[in-house]
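Take a look at the structure below.
Read-outs: derived from the displayed coordinates by stated rules, not from any lab. Computed from a predicted model, the values in this text were never measured in an experiment. No Cβ is skipped: glycine too gets one built from the backbone with ideal geometry, and neighbour counts run over all protein chains shown.
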Amino acid sequence: MLQYNTDGTYLRNGPGLWDLGDYGFRHLFDGYATLVRVSFRDGHAVGAHRQIESEAYKAARRHGKVCYREFSEVPKPDSFKSFVGQLASLLSGNSLTDNSNTGVVRLGDGRVLCLTETVKGSIVVDPDTLDTVSKFEYEDKLGGLIHSAHPIVTDTEFWTLIPDLIRPGYVVARMDAGSNERQFVGRVDCRGGPAPGWVHSFPVTENYVVVPEMPLRYCAANLLRAEPTPLYKFQWHLESGSYMHVMCKASGKIVASVEVPPFVTFHFINAYEEKDEEGRVTAIIADCCEHNADTSILDNLRLHNLRAFTGEDVLTDARVGRFRIPLDGSPFGELEAALDPEEHGRGMDMCSINPAHLGKEYRYAYACGARRPCNFPNTLTKIDLVEKTAKNWYEEGAVPSEPYFVARPGALEEDDGVAISMVSAKDGSGYALVLDAKTFKEIARAKFPYGLPYGLHCCWVPRDK
Ligand SMILES: CC1=C(/C=C/C(C)=C/C=C/C(C)=C/C=C/C=C(C)/C=C/C=O)C(C)(C)CCC1
Ligand SMILES: [Fe+2]
């Protein structure tokens with residue numbers, strides 16, 4: 001029995017199936033999407049899980065092999081002729097996967113959408129039955145084969161970033177809730193390197209969209225390769241420089257474009273406008289889970305490494321990277337740790353915040369941290385960005401997923417609510433864990449009758465919506 005007074009459904013998406021008969025994927029991000037739901041009602045929790053019926057998943061089941069280009073694996077060409085065919089289908093996007101194994105969002109109109117980095121991998125699901133309902137197709141002419149896996153979604157709108165690999169840059173687009181038509185807002189041209197930097201996510205403030213350009217850039221040649229390269233579909237171009245661009249949401253104009261120290265991030269936490277005493281915006285503050293400009297995290301997340309913990313501390317260090325992007329025309333921005341990374345064991349990823357603070361000044365972030373030695377983030381951490389401290393939850397041998405913040409209905413304080421995570425216990429069993437977001441102490445746990453695979457991102461569907 002759960003003593004928890006918010007009714008609704010917690011959904012979590014992630015790559016949950018890595019084996020096809022005798023064949024096993026090698027990277028965490030390749031797995032076919034598994035959707036999990038935990039519905040809270042009158043103090044009770046009921047759970048379910050289901051595979052998302054993407055074309056890539058169905059074809060793999062049918063043929064017993066990889067049939068589309070996944071994060072690291074590609075279908076094996078049977079002959080040179082078929083390789084040429086694959087090349088053509090890559091350019092048209094036909095061979096790209098629609099395995100929507102990364103995020104799940106509830107749109108303003110109530111539709112629930114699972115997402116990955118390919119545009120075609122946007123799939124509408126039913127949050128109650130976990131049925132795969134339909135493809136989500138854009139009804140506009142913006143095109144693009146890939147996009148940021150994390151759009152910014154509110155009750156009224158949807159912001160997305162579309163990298164342009166032909167003319168290196170990014171298109172910023174917005175869409176009204178209830179619509180399938182993105183509107184072009186503006187374009188950012190890359191300042192360095194042969195291709196745009198990987199944009200798994202990006203932050204916004206009330207008035208601006210922040211476009212990161214990191215030196216880990218898409219690589220057309222690696223997209224074509226049959227075997228995974230050390231950086232998969234990407235390449236590290238330290239010489240290209242790293243930049244942060246700021247676009248005005250209303251006009252689409254770039255109001256700042258600064259060079260920053262090199263960085264590697266997948267997940268931005270939040271951003272807000274810094275103001276002076278007269279209320280003028282002087283800078284943009286943008287926070288992210290930053291991997292100390294080291295791409296080894298991608299290697300850390302190979303299944304071979306994740307399944308073989310030897311007791312050695314192999315998880316690379318990460319921090320809350322805080323960018324300060326001045327709006328006074330200065331050419332450089334700053335990047336520093338927002339708090340001492342030791343506070344969260346130098347592990348930092350899979351973050352959430354109180355959505356009421358999206359794009360605004362905020363104090364708390366929830367994420368996965370580390371208790372060392374470890375090969376994967378193994379704690380839940382609540383970051384206090386004002387006090388520069390962290391509260392940590394840890395259970396020996398357990399692997400928790402993203403702590404997802406859900407506000408208490410009627411909450412006035414930023415941390416009045418719960419953080420929900422799904423935990424794989426040391427013995428292989430699993431449970432949903434509900435932490436009081438204020439104290440970061442356990443309120444409840446609901447055991448599953450069986451263990452579930454690791455998963456990535458979450459959303460919350462309130463019961464009366
Ligand atoms: C399928 C294609 C691609 C796919 C890219 C995908 C599926 C990217 C997924 C990225 C994810 C899930 C990133 C999550 C990061 C989590 C971290 C760092 C957690 C750390 C824990 O400490 C492209 C690569 C876009 C190319 C086309 C084909
Ligand atoms: Fe992500």
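Which of His237, His245, His44 comes first, and how do the rest follow, when ranked by fewest Cβ neighbours within 10 Å?
Lowest to highest Cβ neighbour count: His44, His237, His245.
Among the GluC sites (Glu not before Pro) within region 336-414, which fall in a DSSP loop and have no more than 13 other Cβ atoms within 10 Å of their own Cβ? Walk me through the numbers before you get to the answer.
Details: sites: Glu336, Glu342, Glu343, Glu361, Glu387, Glu395, Glu396, Glu413, Glu414; in loops: Glu361, Glu387, Glu395, Glu396, Glu413, Glu414.
Here the sparse-neighbourhood loop sites are Glu387, Glu396, Glu413.
Treat the count of other C-beta atoms within 10 Å as a stand-in for reagent exposure and order Val124, Val434 from fewest to most.
Numbers: Val124 17, Val434 24.
Fewest-to-most ranking of Val124, Val434: Val124, Val434.
What distance in nm lies between label points placed 7 Å from Cα along the C-beta direction at Asp189 and Asp140?
So the two model labels end up 2.3 nm from each other.
Please give, to one decimal in nm, the separation of the simple spin-label points placed at Asp384 and Lys441, each 7 Å out from Cα toward the Cβ.
1.5 nm
How would the chain be classified by its alpha-carbon gyration tensor: rounded, prolate or oblate, with rounded meaning a/c under 1.5 and the a/b versus b/c comparison settling the rest? Mind dumping the intermediate values first?
Numbers: a/c = 1.31, a/b = 1.02, b/c = 1.28.
Cα axes put the chain in the rounded bin.
Give me the extension gain from Asp464 to Ser92: residue separation times 0.36 nm, minus the current Cα-Cα distance, reported in nm with one decimal.
Values: separation 372, 0.36 × 372 = 133.92 nm, distance 4.18 nm.
Here the answer is 129.7 nm.
Roughly speaking, what is the stretch gain from Arg225 to Lys65, that is 0.36 nm per residue apart minus the C-alpha to C-alpha distance, in nm to one decimal?
Details: separation 160, 0.36 × 160 = 57.60 nm, distance 1.77 nm.
Between Arg225 and Lys65, full extension yields 55.8 nm more.
For region 147-206, take the convex hull of the Cα atoms, compute a quarter of its surface area, and give me that in nm², please. Before the final figure, lay out the partial values.
On the way: hull surface 17.7 nm².
Here the figure is 4.4 nm², rounded to one decimal.
Only Lys, Arg, Asp and Glu count, each charged at its Cβ (+1, +1, -1, -1), so figure out the dipole size of region 171-252 about its Cα centre, rounded to 20 debye.
Using only the charged Cβ atoms, the result is roughly 80 debye.
With the Cα gyration tensor of region 342-436 giving a ≥ b ≥ c as the square roots of its eigenvalues, does the rule (a/c under 1.5 for rounded; else a/b larger than b/c for prolate; else oblate) give rounded, prolate or oblate? Don't jump to the answer; show the numbers that get you there.
On the way: a/c = 2.56, a/b = 1.47, b/c = 1.75.
The shape class here is oblate.
Given Cβ point charges of +1 (Lys, Arg) and -1 (Asp, Glu) and nothing else, what value in debye, to the nearest 20, does the dipole of region 358-428 about its Cα centre take? Working shown, then result.
On the way: 9 positive and 11 negative charges, 42 e Å.
Here region 358-428 has a charge dipole of around 200 debye.
Nearest 500 deg cm²/dmol is fine: what mean residue ellipticity at 222 nm does the chain get from its DSSP H runs of n ≥ 4 alone, each adding -39,500 (n - 2.57), divided by its residue count? Please report the intermediate quantities before stating the final value.
Details: 5 runs with 36 residues, N = 465.
Taking each H run of at least 4 residues, the total per residue is -2000 deg cm²/dmol.
Sorted from fewest to most neighbouring beta carbons within 10 Å, what does the list Ile443, Ile285, Ile383 look like?
On the way: Ile443 16, Ile285 21, Ile383 27.
With the fewest neighbours first, Ile443, Ile285, Ile383 line up as Ile443, Ile285, Ile383.
Per 0.36 nm of contour for each residue apart, how much would the distance between Lys426 and Ile166 grow if the chain were fully extended, relative to their Cα-Cα spacing?
Details: separation 260, 0.36 × 260 = 93.60 nm, distance 4.68 nm.
Length difference between fully extended and current span is 88.9 nm.
Under a crude label model (7 Å from the Cα following the beta-carbon direction), how far is Glu53 from Ser251 in nanometres?
Distance between the two pseudo-spin positions: 5.0 nm.
Loop only by DSSP, 16 or fewer other Cβ within 10 Å of the Cβ. Give me the GluC sites (Glu not before Pro) in region 192-286 that pass, ordered by residue number. Could the numbers behind the result be given before it?
Details: sites: Glu206, Glu213, Glu239, Glu259, Glu273, Glu274, Glu277, Glu278; in loops: Glu206, Glu277, Glu278.
Within region 192-286, the qualifying GluC sites (Glu not before Pro) (loop, at most 16 other Cβ atoms within 10 Å) are Glu206, Glu277, Glu278.
Using the beta-carbon distance between Arg41 and Tyr450 and R0 = 22 Å, what value does 1/(1 + (r/R0)^6) give for FRET efficiency, to the nearest 0.05?
Values: r = 22 Å, r/R0 = 0.98.
The computed FRET efficiency comes out at 0.55.
As an exercise, identify the GluC sites (Glu not before Pro) in region 97-144 lying in DSSP coil whose Cβ has no more than 16 other Cβ atoms within 10 Å. All intermediate terms of the calculation are to be shown ahead of the outcome.
Values: sites: Glu117, Glu137, Glu139; in loops: Glu117, Glu137, Glu139.
Of the GluC sites (Glu not before Pro), the ones in loops of region 97-144 whose Cβ has at most 16 other Cβ atoms within 10 Å are Glu137, Glu139.
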